Amino acid sequence: MGGPNELVLERADGSRHSIHPLWLRERCRDPASIDPQTQQRLQDPSDFDIDLALVAVSQPQPGTYRIKFSDGHEASFDAAEILAEAALTPNSHDCPAPRLWDGTLAELPRARWRADPGEAELSSWLEAFLTLGLVIFEGVPTEPGMVLKLGAMFGFTRETNFGALFNVRSTPNANDLAYTSLALDPHTDNPYRAPVPGIQLLHCLVNETRGGLSTLVDGFAVAQALRERHPQAFAILASTPVRFRYIDVDAELTASAPLIELDLGGDLKAIHFSPRLDFVPLFARERLDAYYRARRLFDQRLRAPDFAIRFLLKAGDLVMFDNCRLLHGRTAFDPSEGLRHLQGCYIDSDGPRSLYRVLRRRRALSSAVRRSA
Ligand code: OGA
Ligand code: ZN
């Protein structure tokens with residue numbers, strides 16, 4: 001605690017947080033401040049006195065503060081809750097943080113799929129997905145449409161002009177190179193869309209070819225390596241808007257984004273990369289010289305075997321990955337060897353995070369109930 005009119009909370013590691021009076025006032029949880037059912041605020045916090053101060057701070061019991069504000073309002077606060085909230089960064093929220101990986105990732109996160117997983121199992125899938133950016137489910141029935149059922153377990157489907165579900169197989173007159181037998185270099189899907197689809201699921205129904213290996217690269221790991229070795233190139237890619245474009249008879253989609261998108265705290269937020277579809281604006285000669293050098297450095301690393309993992313998607317395998325962090329691709333295959341048929345869909349990024357928090361809350365509630373029993 002600071003002076004009588006200041007709240008300073010200390011962490012176990014000794015670091016101290018001085019808590020702004022308005023920041024605290026907006027977090028009052030008494031029934032006059034929030035609706036207990038929705039936990040939504042009942043007053044517009046911009047109406048609070050801009051010079052609001054604390055007039056009394058007491059600690060009725062360890063870990064709990066009772067605060068009297070200069071507007072006459074009084075409320076209690078749990079120190080641990082306030083410290084947890086103070087620790088949030090723009091990107092981390094409160095879910096497991098990304099654990100960056102490269103081509104040495106020995107054990108791929110594989111899970112035996114079940115239609116009715118227990119909550120602990122579901123949480124472990126989510127944990128793998130949130131830390132590594134992918135999960136490979138095995139034993140998913142090879143029925144058309146299963147990819148949508150799996151997607152619905154984790155979030156809401158993002159329908160696009162390719163449909164709620166898209167078939168990935170080599171077809172004549174393909175409207176996307178994905179629908180040929182050509183190799184696909186590491187890319188993120190649909191950078192020309194606003195917003196970009198957050199998560200992609202690809203379910204293998206048939207694979208009778210020897211090629212067509214799936215590749216994945218942790219774009220955050222590659223961006224981080226670039227940041228360390230070539231900070232200048234990193235800064236250029238993080239600050240150059242690039243226009244992505246998709247065109248067919250029924251659609252013409254464009255969106256601009258830097259290849260490496262940072263959040264306001266300077267942390268990695270998303271990678272947008274598709275060398276089939278990117279068009280940098282006509283900047284001055286020197287700026288473009290620098291951009292092309294930087295893009296080349298980034299692309300060379302994205303394609304380098306030291307960052308990529310490769311695996312064969314067998315019939316019944318389904319890979320779910322973060323399309324804002326990982327880049328995916330495949331090796332070429334020979335369609336005369338047989339059929340290769342995947343079905344894909346997208347879901348929004350926030351689904352798995354929401355589910356992770358809900359499961360965590362249920363776990364905390366049930367262990368509190370057990371303790372009090
Ligand atoms: C795609 C894609 C990969 C594959 O459909 O976007 O990249 O393995 N497919 O065919
Ligand atoms: Zn793709």
Residue check for residue 32: hydrophobic (A, V, I, L, M, F, W, C) and surrounded by 12 or more Cβ atoms within 10 Å (Cβ to Cβ): no
Test result for residue 137, away from ligand 1 (no atom under 16 Å from the Cβ), in contact (Cβ under 8 Å) with a residue 60 or more places away in the chain and aromatic (Phe, Trp, Tyr): no
All positions within the stretch 143-171 that are among the hydroxyl-bearing types (Ser, Thr, Tyr) and either surrounded by fewer than 17 Cβ atoms within 10 Å (Cβ to Cβ) or farther than 25 Å from residue 334 by Cβ (or both): 157, 160, 171
Failed item, numbered, when residue 286 is tested on (1) crowded, with 21+ Cβ neighbours inside 10 Å; (2) more than 14 Å from ligand 1 (Cβ to nearest atom): (1)
Candidate set: the stretch 308-352, residues that are of a type in the set (Asp, Glu) and either over 18 Å from the mean Cα position of the chain (by Cα) or assigned to a helix (DSSP H, G or I) (or both); chosen: the one farthest from residue 261 (Cα to Cα): 337
Selected residue (criterion: farthest from ligand 1 (Cβ to nearest atom)) from residues of the stretch 158-201 that are touching a helix residue (DSSP H, G or I) at 6+ places or on another chain (Cβ under 6 Å) and at pLDDT below 95: 171
Subset of the stretch 324-373 [within 30 Å of residue 208 (Cβ to Cβ) and either of a type in the set (Asp, Glu) or in contact with a helix residue (DSSP H, G or I) (Cβ under 7 Å, 6 or more places away or on another chain) (or both)]: 326, 327, 334, 337, 343, 344, 345, 347
Residue satisfying condition, being open to solvent by less than 20 Å² (accessible area, probe 1.4 Å), at pLDDT 95 or above and more than 10 Å from ligand 1 (Cβ to nearest atom), within set 342, 326: 326
Within the stretch 95-118, considering residues that are basic (Lys, Arg) and not in a loop (DSSP other than H, G, I, E, B), the one most open to solvent (accessible area, probe 1.4 Å): 112
Close pairs from the stretch 315-340: first over 22 Å from residue 144 (Cα atoms) and within 14 Å of ligand 2 (Cβ to nearest atom), partner among the β-branched types (Val, Ile, Thr) and assigned to a loop (DSSP other than H, G, I, E, B), Cβ under 6 Å, at least 6 apart: 323/188; 327/188
Top-ranked residue of the stretch 15-28 - restricted to ones that are open to solvent by 70 Å² or more (accessible area, probe 1.4 Å) and at pLDDT below 95, ranked as farthest from residue 47 (Cα to Cα): 16
Residues that are under 18 Å from residue 250 (Cβ atoms) and within 26 Å of the chain's Cα centre (by Cα), drawn from the stretch 162-176: 162, 163, 164, 165, 166, 167, 176
Some residue of the stretch 292-307 being buried (at least 21 other Cβ atoms within 10 Å of the Cβ) and either within 16 Å of ligand 2 (Cβ to nearest atom) or part of a strand (DSSP E or B) (or both): yes
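The values are calculated or read from the model by the stated rules, or taken from the named source; none is laboratory data. On a predicted model such as this, the values are computed, not experimentally measured, just so you know. Glycine also receives a Cβ, built like all others from the backbone with ideal geometry; neighbour counts cover every protein chain displayed. The protein model used for the area step is the full one, side chains on, heavy atoms only, and it has no ligands, DNA or RNA in it. Shrake-Rupley method; radii C 1.70, N 1.55, O 1.52, S 1.80 Å.
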